[in-house]
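Accompanying notes for the structure given below.
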Amino acid sequence: MTEITCPYDGDCGRRFDSSAMDAPDAAFLNTAIGKKMTFMFLHCPACARMFQFNPVAWTAQACEAAAPKAARVAKKSGKQLDKLLAREQVTVPRAYLAHLRSAKSLPGVAIFKDEEPFTLYSLDALCQDVDVDGTSYLAVRQLTGFAQALAQAAGIGSKQAAPFSLAELAACLAIGEENTRILFIDSRDKEALWIYHCDGGDVEPTRLTLTSLIGPGVC
């Protein structure tokens with residue numbers, strides 16, 4: 001069985017052979033089949049939309065799990081942002097909050113050599129609404145949505161996002177993105193920086209910490 005049907009019936013619904021996918025998706029699919037994974041993300045080669053796929057049952061399900069982009073809305077004042085974060089029970093580390101409010105805050109950071117830099121969210125961008133699998137979250141809280149999607153698709157015991165439990169992943173704060181990768185603060189120590197891969201549900205450590213990102217002289 002090699003044919004896959006795009007789950008977006010209204011917009012696409014095309015049947016395609018797995019050999020028609022781009023090289024990264026095809027390689028990921030072969031790995032998933034070998035490991036008998038039951039949850040992954042693929043892209044339709046016809047409409048380019050991302051969807052959930054179960055290589056064991058060979059079933060596809062529509063979703064909107066690509067790294068979301070914040071909607072363009074009127075910029076909020078500092079007090080409004082503080083109230084919004086408090087209402088949503090989001091506690092951004094004080095040092096990083098001060099950094100975002102300072103003139104030293106940078107728009108991006110290079111995580112890996114010879115790879116695209118990550119765009120860091122401004123304080124306003126942290127508080128923009130984004131859509132994850134049909135539900136709205138603050139950008140800073142978007143990993144809550146991805147953790148819930150993983151739990152629904154692969155069960156609470158999903159090995160995706162290891163060594164984080166899904167509860168730990170849901171508590172992590174997203175602070176930037178690059179394509180389908182999200183940069184986030186480890187909820188366990190509030191210091192280490194990790195990357196969440198939206199196209200596979202996996203996490204990757206970085207050598208950066210929140211302190212190294214902020215730089216010396218901020219406390």
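For K79, go through the aspartates and glutamates and keep the ones whose alpha-carbon is under 17 Å away, minus same-chain ones fewer than eight residues off.
Reachable aspartates and glutamates: E88, D124.
Find out how many positive minus negative residues lie around T144, taking Lys and Arg as positive, Asp and Glu as negative, among other residues whose Cβ is under 14 Å from that of T144.
Residues close to T144 contribute a combined charge of -4.
Taking all protein chains in place and a 1.4 Å probe, what share, in percent, of the accessible surface of the chain do carbon and sulfur account for?
Ligands and nucleic acids excluded, carbon and sulfur reach 52 percent.
Filter the DSSP H helices in the chain by two things, a Kyte-Doolittle mean of at least -1.0 and an axial alpha-carbon span of 15 angstrom or more, and list the hits by number.
Both cut-offs are met by 23-35, 142-154.
Would you mind putting 85-91, 134-140 in packing order, based on average other-beta-carbon counts within 10 Å, highest first?
Result, highest mean Cβ count within 10 Å first: 134-140, 85-91.
In 10 Å bins starting at zero, report the fraction of Cα pairs in the chain per bin as a rounded %.
It works out to 8, 32, 34, 19, 7, 1, in whole percents.
Leaving out ligands and nucleic acids, and using a 1.4 Å probe, what accessible area per residue does the chain come to in Å²?
53
The values are calculated or read from the model by the stated rules, or taken from the named source; none is laboratory data. These numbers were taken from a predicted model, which means no experiment stands behind them. As a convention, Cβ positions derive from the backbone with ideal geometry for all residues, glycine included, and neighbour counts pool all protein chains shown. Please note that ligands, DNA and RNA were not included when accessible areas were found on the heavy atoms of the full protein model with its side chains. Shrake-Rupley method; radii C 1.70, N 1.55, O 1.52, S 1.80 Å.
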